[in-house]
1. Which ones in segment 1-32 are in a loop (DSSP other than H, G, I, E, B) and modelled with pLDDT of 95 or more?
2. Got a sec? Which of 213, 140 is surrounded by 17 or more Cβ atoms within 10 Å (Cβ to Cβ), part of a loop (DSSP other than H, G, I, E, B) and away from the ligand (no atom under 16 Å from the Cβ)?
3. Against the condition in contact (Cβ under 8 Å) with a residue 60 or more places away in the chain, aliphatic (A, V, I, L, M) and within 15 Å of the ligand (Cβ to nearest atom), how does residue 282 come out, does it pass?
4. Pairs, please: C-beta under 6 Å, at least 6 apart or cross-chain, first residue under 27 Å from residue 250 (Cβ atoms) and in segment 203-227, second in a loop (DSSP other than H, G, I, E, B) and open to solvent by 50 Å² or more (accessible area, probe 1.4 Å)?
5. Collect the residues in segment 240-263 that are open to solvent by 30 Å² or more (accessible area, probe 1.4 Å), under 19 Å from residue 154 (Cα atoms) and of a type outside the set (Gly, Ala, Ser), keeping them in residue-number order.
6. So which residues in segment 8-23 are open to solvent by less than 30 Å² (accessible area, probe 1.4 Å) and among the aliphatic types (A, V, I, L, M), if there are any at all?
7. Give just the number: which of (1) open to solvent by less than 40 Å² (accessible area, probe 1.4 Å); (2) in contact with a helix residue (DSSP H, G or I) (Cβ under 9 Å, 6 or more places away or on another chain) does residue 237 not satisfy?
Amino acid sequence: MLTGDQIDAFRRDGYLVVPDFVGLDACHELRRRAEEIVDEWEPSSERTVFTTDARVRVSNREFLASGATTWCFFEEDAFDADGELRQPKPLSINKIGHAMHDLDPAFERFTYTAPLAEIARDVGVVDPLVVQSMYIFKQPGIGGEVTCHQDATFLYTDPISVTGFWFALEDATLENGCLWAAPGGHCTGLRQLFKRSGTDDDGTVFEILDPTPLPAPPHELVPLEVPAGTLVVLDGRLPHWSGANRSARSRHAYTVHCISGAVDYPSWNWLQRPADRPLRRLDTVAR
Ligand code: FE2
């Protein structure tokens, strides 16, 4: 799938932009299905808000359970002081995660494809297993920032193998909160690990490995403004970030994370699947 130049660019920069990887029809179909899932979703009394901020993740039992389910996470600003939604539910969801690729036929079709499996192999993921999927809405007006991070913090293997596949389902621009990346930043160390901890089933902790600050957004990163249908491949060590969406246009994206099946996946990773729902290889082609 990838040329030698593209593979070289991925190794040099830590990311690769692949234009026109998926058709606009497939993007539309995934958007339609995501909207249906949200439509059917009933918020629990104990609302779950997604942010990479440590305070919110800690003590969040639903988040830890979502590794094997389809769960809708609300935007931080979605509710007013009385706990009522400030805007209609379809415009209040931050993301859906983290196992739709194995639970929902539309997501399965989009994820398990021969071309994506080939790209994973091209960039060096041996025996790629799909560990996580996320549908990110980046809602108009309230879509929150995703702070600068390295994916290997959240999906660690020994040695590091996690690779992100980020699909633009709508045009991603500076105005609606496109992805930003730090070219070459994957050659620096992994800063921290996000681990399950303690005896509670909701305990997590960040363990510092390297105190060097991550690149400061936005000036130490470059924006990846891309049209719908574009795939961005991300090395698991690459620092990346996206800003809030204060525009009137949404910025839907879908991400898939793969790890190598040939390496160790520690049991302290936040995302754990039950024995009866094992991870599947990306080349388990559903279509
Ligand atoms: Fe990420």
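1. 2, 3, 14, 19, 20, 21, 22, 23
2. Numbers: 213 fails: surrounded by 17 or more Cβ atoms within 10 Å (Cβ to Cβ).
Being surrounded by 17 or more Cβ atoms within 10 Å (Cβ to Cβ), part of a loop (DSSP other than H, G, I, E, B) and away from the ligand (no atom under 16 Å from the Cβ) holds for just one of 213, 140, which is 140.
3. For residue 282, the condition - in contact (Cβ under 8 Å) with a residue 60 or more places away in the chain, aliphatic (A, V, I, L, M) and within 15 Å of the ligand (Cβ to nearest atom) - is not met.
4. Short answer, once both residue conditions are applied: 223/174; 227/171.
5. 241, 263
6. 9, 16, 18, 22
7. (1)
Okay, residues lined up against (1) open to solvent by less than 30 Å² (accessible area, probe 1.4 Å); (2) not aliphatic (A, V, I, L, M):
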residue: 69; (1), (2): no, yes
residue: 105; (1), (2): no, yes
residue: 110; (1), (2): yes, yes
residue: 118; (1), (2): no, yes
residue: 121; (1), (2): no, yes
residue: 127; (1), (2): no, yes
residue: 146; (1), (2): no, no
residue: 154; (1), (2): yes, yes
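The values are calculated or read from the model by the stated rules, or taken from the named source; none is laboratory data. Being a predicted model, the structure only gives us computed values, none of them experimental. Cβ atoms come from the backbone with ideal geometry, glycine included; neighbour counts cover every protein chain shown. Areas reflect the complete protein model, heavy atoms only, side chains present, ligands, DNA and RNA absent. Shrake-Rupley method; radii C 1.70, N 1.55, O 1.52, S 1.80 Å.
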